[in-house]
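*Asks:* Here it is, the structure, as structure tokens.
What follows draws every value from the coordinates through simple rules; no lab data is involved. Worth saying up front: this structure is predicted, and the values here are computed from it rather than measured. Counting neighbours? That spans all protein chains shown, and the Cβs are built from the backbone with ideal geometry, glycine included.
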Amino acid sequence: MEPDDHAHPAWENILGLADLAASHGQEVSFPRRHVIFGHDRWGDRLYIIRSGKVKLDLYARAHDREILLTILGPSDMFGELSLFDPGPQAATATALTEVRAVSIHRAAVRERISTRPEFAEHMLSSLARQVRRTYSTLTDLVLTDVPSRVAKSLLQLAAQFGHTEDGVLRVQHDLTPEELADHIGATLDAVNKALSVFTRRGWLRVDHKSVLILEPDRLRRHATR
């Protein structure tokens, strides 16, 4: 997983999706912590985020728990798998903040796919990027130590949600400490230990549901060592 790798490409870059959203999309909104769909719910819609953040948790049946797979923000989309493989969702989508989105019914997307082969190609390319990123994340979980994963995850979140504040990069991730650890794929104690080390070195400062990155270059070198 590259530090600035993004979970999904911007939906505007998918040929024909913008006009489909305009003609067949339905504006929806969800309050903070609302479960948009569960891993066992039948999926029939594509969602495009206008504002807010959504987390996707992958259900691990063998361990009876959910693993935080990715965090999505404005211009990201989710629910694509149901377009090509109708059935229960593979993940649970939860609003981390108040969310405004556009939902498009599967039937409208399938109709567009049948009449615009190039549209289908772009949608499949989007899915392929997701699969590639998931493989990369799994590789990190097996081969990369926790401090390096912490650095990579923070830089990835910075690429998605970071903004400069008084010359410092603030990453407002809106995750609880437990969710951040779950996103990194480590125990809370291990993640807190890595954050404490980075804080003592002056690389970052932890704030409520956000992180101030003071030395991004040092974090980047640590993430790729």
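*Asks:* Quick one: plug the Kirkwood hydrodynamic radius of region 13-60 (C-alpha pairs) into Stokes-Einstein at 10 °C, 1.306 mPa s, and report D in µm²/s.
*Replies:* Answer from the Stokes-Einstein relation: 122 µm²/s.
*Asks:* Please go through region 76-158 and write out the GluC sites (Glu not before Pro) that DSSP classes as loop and that have at most 14 other C-beta atoms within 10 Å.
*Replies:* Here the sparse-neighbourhood loop sites are Glu98.
*Asks:* Moving to a separate point now. Restricting to Cα pairs below 8 Å that are 6+ residues apart, what does the relative contact order work out to for region 145-223? Please round to a whole percent.
*Replies:* 39 percent.
*Asks:* Can you tell which of Gly185, Gly87, Gly25 shows the greatest fluctuation in a Gaussian network model of the chain with Cα springs below 10 Å?
*Replies:* Ranking Gly185, Gly87, Gly25 by mean-square fluctuation puts Gly87 first.
*Asks:* Give me the three principal axis extents of the chain from the C-alpha atoms, as integers in angstrom, largest value leading.
*Replies:* If we take the Cα atoms of the chain, the spans are 57, 43, 32 Å.
*Asks:* Please give me the summed charge of the neighbours of Ile49: other residues whose Cβ is under 10 Å from its Cβ, Lys and Arg +1, Asp and Glu -1.
*Replies:* Neighbour charge sum, excluding Ile49 itself: +2.
*Asks:* Using a Gaussian network model of the chain whose springs link C-alpha atoms within less than 10 Å, name the residue from Lys152, Lys55, Lys193 with the highest mean-square fluctuation.
*Replies:* The residue that fluctuates most here is Lys193.
*Asks:* Say we join alpha carbon atoms closer than 10 Å with springs in a Gaussian network model of the chain; which of Ala93, Ala181, Ala190 then has the biggest fluctuation?
*Replies:* Most flexible of the set in this elastic network: Ala190.
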